[in-house]
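The values are calculated or read from the model by the stated rules, or taken from the named source; none is laboratory data. This structure is a prediction, so every number in the text was calculated from the model and none was measured. Cβ atoms come from the backbone with ideal geometry, glycine included; neighbour counts cover every protein chain shown.
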Amino acid sequence: MPLLYTAIGVILLLILIMGFKLNTFFSLIIVSFVVALLLGIPAENIVSSIESGIGGTLGHIGLIFGLGAMLGKLIADAGGAHRIAMTLINKFGEKKIQWAVVVASFIVGITLFYEVAFVLLIPIIFTIAKELNISIIKLGLPMSATLLATHSFLPPHPGATAVASEYGADIGKVLIVGIIIAIPTVIIAGVLYPRLVERFMPDIFSTNRKIESIGEHKHFELEDTPGFGISVFTAIFPVILITIGSAFDMLQKTVGFADNGFIIFMRFIGNASTSIVISLLFAVYTMGIARKIPIKKLMSSCSSAINALGMLLLIIGGGGALKQVLIDGGVGDYIAKLFEDTSISPI
């Protein structure tokens, strides 16, 4: 019955969102109440279970998620992402333009959420395609594949961060393994696959599009944007800090030396939450203060990032509420017992 009630909850969730077009967060909360009642959770405990689920999920990832969005927005609004993309494209040349798009998208996609990075890069893709007289699809597929890989595998993106939080995984290790997985994924899906498709369906790559179809976009003069080196360094600064902290942690476990002030400090700055705070402060300086941009304008960028993020955070919290209801209702224990004497994965 616990699995049946869970299935009913999932079906109800799909009906509310897809059928009745209800807000996703609202639908998750409704389903959490329904599933809690079906699982026999005492009525007086349902609300506390839902609240603890929301708080437990957002408590760890909220800081990383929110500040990560601010960091990406600062880099984008300062023109740093535009500088990264255009510089790499100019360096790689026309013949290797797809690789340039992949590298640019990877760097930009580390800190920017998929939809933000997509909106930021797609006007550049349209412009390059027009100048080189090549198909937009030829550049758009590498960009999309790369942004999807970074968004799916690399903290501080919400999916990777949330999964790491649920499993109690070390963010630094998740980041390192994520990069190792993302690189071949991007090469296969972003470069090799489009080439294969072009060979069998060349007509797809001959379609021309108008840049107006994506709406208005912010225009940057290259000389008015931050330098390439500082833009890249600012974008990957949280990754550097997290990786250093994780490396010291792994080295200590391997060698077995005792804690000291330096190790504790490196572990502190390598913590995902600490690193994103330090990186945001660094970005405020490199993308703003150093370029004599008023703090008020920088904070306006940060505010707009959070405004766009608000509903997504609530949806993630709503997912945490449903998760907690399933745990408190005994579904987790039931699945554990169901697979207790088997070698089959519970997944």
* Asked: So, in region 155-175, of the ones that are in contact (Cβ under 8 Å) with a residue 60 or more places away in the chain and either among the small types (Gly, Ala, Ser) or under 22 Å from residue 251 (Cβ atoms) (or both), which residue ends up surrounded by the most Cβ atoms within 10 Å (Cβ to Cβ)?
  -> 155
* Asked: Name the pairs: first residue in region 1-24 and more than 14 Å from residue 326 (Cβ to Cβ), second residue part of a loop (DSSP other than H, G, I, E, B), Cβ to Cβ under 6 Å, at least 6 apart or on different chains?
  -> 16/22
* Which residue, of 182, 169, is among the small types (Gly, Ala, Ser) and not in a helix (DSSP H, G or I)? -> 169
* To do: Answer yes if at least one residue in region 59-82 is surrounded by fewer than 16 Cβ atoms within 10 Å (Cβ to Cβ) and more than 30 Å from residue 142 (Cα to Cα), and no otherwise.
  => yes
* Set 87, 146: member being of a type in the set (Ser, Thr, Tyr) and under 21 Å from residue 227 (Cα atoms) -> 87
* Asked: Could we say that residue 86 is surrounded by 20 or more Cβ atoms within 10 Å (Cβ to Cβ), modelled with pLDDT under 85 and assigned to a helix (DSSP H, G or I) here?
  -> yes
* Listed residues 40, 53; which is at pLDDT 85 or above and within 22 Å of the chain's Cα centre (by Cα)? -> 53
* Condition met for residue 91 (more than 16 Å from residue 185 (Cβ to Cβ), out of contact with any strand residue (DSSP E or B) (no Cβ under 9 Å at 6 or more places or on another chain) and touching a residue at least 12 places away in the same chain (Cβ under 8 Å)) -> no
* at pLDDT below 85, out of contact with any His (no Cβ under 6 Å at 6 or more places or on another chain) and of a type outside the set (S, T, N, Q): does that describe residue 242? -> yes
* Asked: Can we say residue 221 is modelled with pLDDT under 90 and more than 25 Å from the chain's Cα centre (by Cα)?
  -> yes
* To do: Determine if region 264-276 includes at least one residue that is within 30 Å of residue 4 (Cα to Cα), in contact (Cβ under 8 Å) with a residue 12 or more places away in the chain and not acidic (Asp, Glu).
  => no
* Taking residue 109, is it buried (at least 24 other Cβ atoms within 10 Å of the Cβ), part of a helix (DSSP H, G or I), of a type in the set (Gly, Ala, Ser) and in contact (Cβ under 8 Å) with a residue 60 or more places away in the chain? -> no
* Could you give every pair whose Cβ atoms fall below 8 Å, whose first residue belongs to region 193-212 and is loosely packed, with under 12 Cβ neighbours inside 10 Å, and whose second residue is part of a helix (DSSP H, G or I) and at pLDDT 90 or above, counting only separations of at least 6 or pairs across chains? -> none
* Report, by residue number, each residue of region 126-141 that is modelled with pLDDT of 80 or more and either basic (Lys, Arg) or assigned to a helix (DSSP H, G or I) (or both). => 136, 137, 138, 139, 140, 141
